[in-house]
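The values are calculated or read from the model by the stated rules, or taken from the named source; none is laboratory data. Values in this document were obtained by computation on a predicted structure and should not be read as measured data. Neighbour counts are summed over all protein chains in view; Cβ atoms, including those assigned to glycine, are modelled from backbone coordinates with ideal geometry. Surface areas here come from the heavy atoms of the whole protein model, side chains and all, with no ligands, DNA or RNA. Shrake-Rupley method; radii C 1.70, N 1.55, O 1.52, S 1.80 Å.
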Amino acid sequence: MTFTTFIQHVLTGISLGGAYALIAIGYTMVYGILLLINFAHADIFMMAGYFMIFAMSSMPWFIAIPVVIVVTVALGLAVESVAYKPLRMSPRMSIMISAIGMSYLLQNLAIYLFSALPRAYPVITPLKQSFQIGGVSASLVTILTPVLTIVLVLLLMFLINNTKIGMAMRAVSKDYDTSKLMGIKINRVISFTFIIGSALAAIGSILYFTDRMSVTPFSGILPGLKCFVAAVLGGIGSIPGAVIGGFFIGISETFLVALGYSTFSDAFTFLLLIVILIFRPTGLLGEAITEKV
Amino acid sequence: MSLLEINGLKVNYGGIEALKGIDFHVDEGEIVTLIGANGAGKSTTLKSISGLVRASGGEIRYDGEKISGLDPQKIVARGISLVPEGRRVFPNLTVLENLRIGAYLNKDADAVEQEIERVYKLFPRLEERHWQQAGTLSGGEQQMLAVGRGLMAHPKILMMDEPSLGLAPLIVKDIFKKILEINQSGVTVLLIEQNANAALKIAHRGYVMVTGNITLTGSGTDLLNDASVREAYLGTKTNG
Ligand SMILES: Nc1ncnc2c1ncn2[C@@H]1O[C@H](COP(=O)(O)OP(=O)(O)O)[C@@H](O)[C@H]1O
Ligand SMILES: [Mg+2]
């Protein structure tokens with residue numbers, strides 16, 4: 001591997017990792033507040049892919065992008081209020097099962113509405129512009145993804161650490177009853193968490209599919225699982241952890257493929273999951289997992 | 001008319017009847033204490049006043065209006081704060097954030113700053129520690145913070161669930177002094193204690209709870225001198 005191809009792969013890996021990080025944040029935030037692994041998150045990401053296909057068929061990209069974000073957020077909120085909100089007082093296992101059911105429902109809905117055949121993902125021309133720096137060539141999306149990821153994460157951290165709603169999110173993630181005593185509306189805070197997670201999944205989806213060309217109803221499954229592993233690796237509940245996990249998995253996957261182990265690259269993710277769960281179940285930045293009282 | 005009136009309040013947890021229809025009232029300006037053994041239903045009483053637990057019978061009236069059945073945020077907005085059992089400060093928030101979140105419903109930033117100043121004046125220790133994560137405070141400091149956070153909502157009634165639990169005697173003495181100070185500043189206090197002795201000494205009136213019922217009531221001094229109370233809750237045998 002020459003130095004330029006090495007740099008090329010690093011760029012590709014960081015870019016893929018950025019998209020993973022944006023999706024992993026959705027898993028980690030929902031887990032932080034509901035102790036729920038939102039299996040449907042991967043399928044919301046997939047649906048965002050279809051939304052973009054339809055939006056771009058009748059609008060310019062700069063209108064299509066905000067429209068897709070808004071529609072994806074609406075879908076995320078709908079999933080929350082239909083599948084999770086009615087189970088707020090139920091045992092955690094019931095909500096998990098509801099999440100798995102919601103995931104299959106969205107996949108089957110996509111098959112029913114759009115068929116299982118791959119649909120071409122639209123080209124967002126400015127994102128596809130390519131650069132040549134030395135021997136390394138890259139398209140704008142490759143450079144933009146990690147930069148946008150970092151900017152969005154910094155904004156999100158600011159929101160969580162310095163605003164009133166962010167303070168409420170941190171409080172609710174620790175203690176529902178005491179949060180209620182403060183006058184916080186728990187459901188509103190949970191909805192807000194889903195809004196952020198779904199918006200980031202929509203952005204992640206645009207960045208991810210722009211490099212992939214097509215969407216199928218199953219397009220969410222593998223990236224979803226990888227992003228879940230990224231969240232666990234970073235320490236589920238921790239946003240910086242999810243970002244580190246996303247970049248780590250994106251870069252490792254890219255290099256495994258580059259080195260000729262592409263058949264092994266998905267297995268690697270799951271091997272990683274098993275290793276973390278055995279040796280460090282709290283992940284890199286996670287705190288000890290405590291049962292909510 | 002009393003500020004807070006509880007009439008025939010019943011609460012069920014599954015099949016267990018934790019409150020079997022209790023009546024009591026709290027007048028404006030008073031310190032009223034509920035004493036009783038572990039499991040008597042004291043915490044359940046405060047939780048149902050706060051709206052965390054739904055009553056299965058009876059009603060709770062505040063300022064002449066029925067408040068039973070309202071959501072917790074409506075109840076705190078009307079001026080009833082609860083300092084929960086076991087303090088329950090938010091460990092991942094700083095001391096100052098814990099205070100601010102106590103005034104979550106208050107949209108007037110200047111008023112919130114004034115409340116913070118008032119709490120700092122009452123508990124100077126909290127000002128010294130304002131930047132610290134609440135989870136790293138000592139038990140006594142966490143209790144001060146929990147009380148301060150309860151005051152941030154500018155309540156008319158401050159309900160406290162066992163504020164002395166697990167604290168060193170010297171700190172307990174200090175906490176009870178602060179409760180008196182809070183009351184003298186015009187806040188009505190409804191206090192739950194296992195430390196019946198200390199509670200009855202500062203209370204105007206008290207109620208004794210036994211397994212979901214109120215069995216005895218009287219002024220703080222009367223209850224302190226009552227033979228059955230002394231025997232059951234103060235650990236002192238009386239002769240005759
Ligand atoms: N969440 C709950 N679920 C079931 N039973 C409960 C719950 N909370 C309290 N209880 C029961 O209700 C009774 C009263 O409890 P509580 O109000 O906490 O008493 P106290 O505060 O006087 O110690 C006890 O028998 C207790 O076991
Ligand atoms: Mg109790």
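What the table shows:
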| item | result |
| --- | --- |
| Using a Förster distance of 25 Å, the FRET efficiency for A:GLN132-A:PHE6 (Cβ separation, nearest 0.05) | 0.90 |
| Integer Hz, Karplus 6.51/-1.76/1.60 couplings in order for the range B:67-79, x for Gly and Pro | 10, 5, x, 6, 6, x, 5, 5, 6, 5, 5, 7, x |
| Taking all pairs of distinct alpha-carbon atoms in the range B:41-122, Kirkwood radius in angstrom | 14.4 Å |
| Gyration tensor (Cα) of the protein assembly as shown, equivalent ellipsoid semi-axes in angstrom | 55, 23, 20 |
| Placed amide H near B:GLY58: partners under 5 Å, 5+ positions off or other chain | B:LYS10 |
| Within straight-line cross-link reach of B:LYS20, lysines at Cα separation under 23 Å, skipping those fewer than 8 residues along the same chain | B:LYS10, B:LYS42, B:LYS47, B:LYS66 |
| Computed [θ] at 222 nm, helices only, for chain A once each DSSP H run of length n ≥ 4 contributes -39500 (n - 2.57) | -24500 deg cm²/dmol |
| Cα-based Lys proximity count in chain A, under 17 Å, for pairs eight or more positions apart or on separate chains | 8 |
| Per residue, in Å², the accessible surface of the range B:82-152 once ligands and nucleic acids are set aside, probe 1.4 Å | 43 Å² |
| Neighbour cut-off at most 10 other Cβ (10 Å), DSSP loop, GluC sites (Glu not before Pro), the range B:143-237 | none |
| With every protein chain in place, chain A: carbon and sulfur % of accessible area (1.4 Å) | 73 percent |
| Carbon + sulfur, % of accessible area of chain B - ligands and nucleic acids excluded, 1.4 Å | 49 percent |
| Chain-alone versus full-assembly comparison, the range B:51-100, residues with accessible loss of at least 50 Å² (1.4 Å probe) | B:LEU52, B:GLN73, B:ARG88, B:PHE90, B:ASN92, B:GLU97 |
| Accessible area, probe 1.4 Å, largest first, for residues A:THR5, B:THR136 | B:THR136, A:THR5 |
| Label-point gap, in nm, between A:LEU284 and A:ILE100 - each point 7 angstrom along Cα→Cβ | 3.0 nm |
| Directionally averaged shadow of the range B:120-218, computed from the convex hull of its alpha-carbon atoms, nm² | 7.2 nm² |
| Protection-proxy order for peptides A:228-237, A:248-257, each taking the mean of Cβ atoms within 10 Å per residue, highest first | A:228-237, A:248-257 |
| With Cα atoms, 0 to 90° folded angle of helix A:164-174 axis to chain A main axis | 70 degrees |
| At least 50 Å² of accessible area lost relative to the chain alone, listed for the range A:146-195 with a 1.4 Å probe | A:LYS164, A:MET167, A:ARG170, A:LYS174, A:THR178, A:LYS180, A:LEU181, A:MET182, A:GLY183 |
| Cα convex hull of the range A:21-220 - mean projected area over all directions, nm² | 12.4 nm² |
| For the range A:66-82, 3J(HN,Hα) per residue [Karplus equation, 6.51 cos²θ - 1.76 cosθ + 1.60, θ = phi - 60°, Hz, x = Gly/Pro] | x, 4, 4, 4, 5, 5, 5, 4, 4, 5, x, 5, 5, 4, 4, 6, 8 |
| Spatial separation of Cα centroids for the range A:217-293 and the range A:30-91, in angstrom | 21 Å |
| Chains B and A, summed buried accessible surface - 1.4 Å probe, Å², nearest 100 | 1900 Å² |
| Relative contact order [Cα under 8 Å, 6+ residues apart], the range A:2-94, whole percent | 20 percent |
| Acute angle (nearest 10 degrees) that the helix B:169-184 long axis makes with the longest principal axis of chain B, alpha-carbon atoms | 90 degrees |
| Folded to 0 to 90 degrees: helix B:109-122 orientation relative to chain B principal axis, Cα | 60 degrees |
| Rounded to whole Å, sorted largest first: equivalent-ellipsoid semi-axes of chain B, Cα gyration tensor | 28, 22, 16 |
| For the range B:104-127, residues shielded by at least 50 square angstrom of accessible area compared with the chain on its own, probe 1.4 Å | B:TYR104 |
| Estimated vicinal HN-Hα couplings, Hz - the range A:51-59 in sequence order (Karplus 6.51, -1.76, 1.60; Gly, Pro = x) | 4, 5, 4, 6, 4, 6, 6, 9, 9 |
| 16 Å Cα-Cα reach of B:LYS121 towards lysines, excluding residues that sit fewer than 8 places from it in its own chain | B:LYS177, B:LYS178 |
| Selection from A:TYR112, A:ILE69, A:PHE158, by position along the positive dipole direction of the range A:21-220 (Cβ) | A:PHE158 |
| Rounded accessible area per residue of the range A:21-220, 1.4 Å, Å² | 41 Å² |
| Extreme residue, positive dipole direction of the range B:1-63, given options B:ILE31, B:ALA55, B:ILE16 (C-beta unit charges) | B:ILE16 |
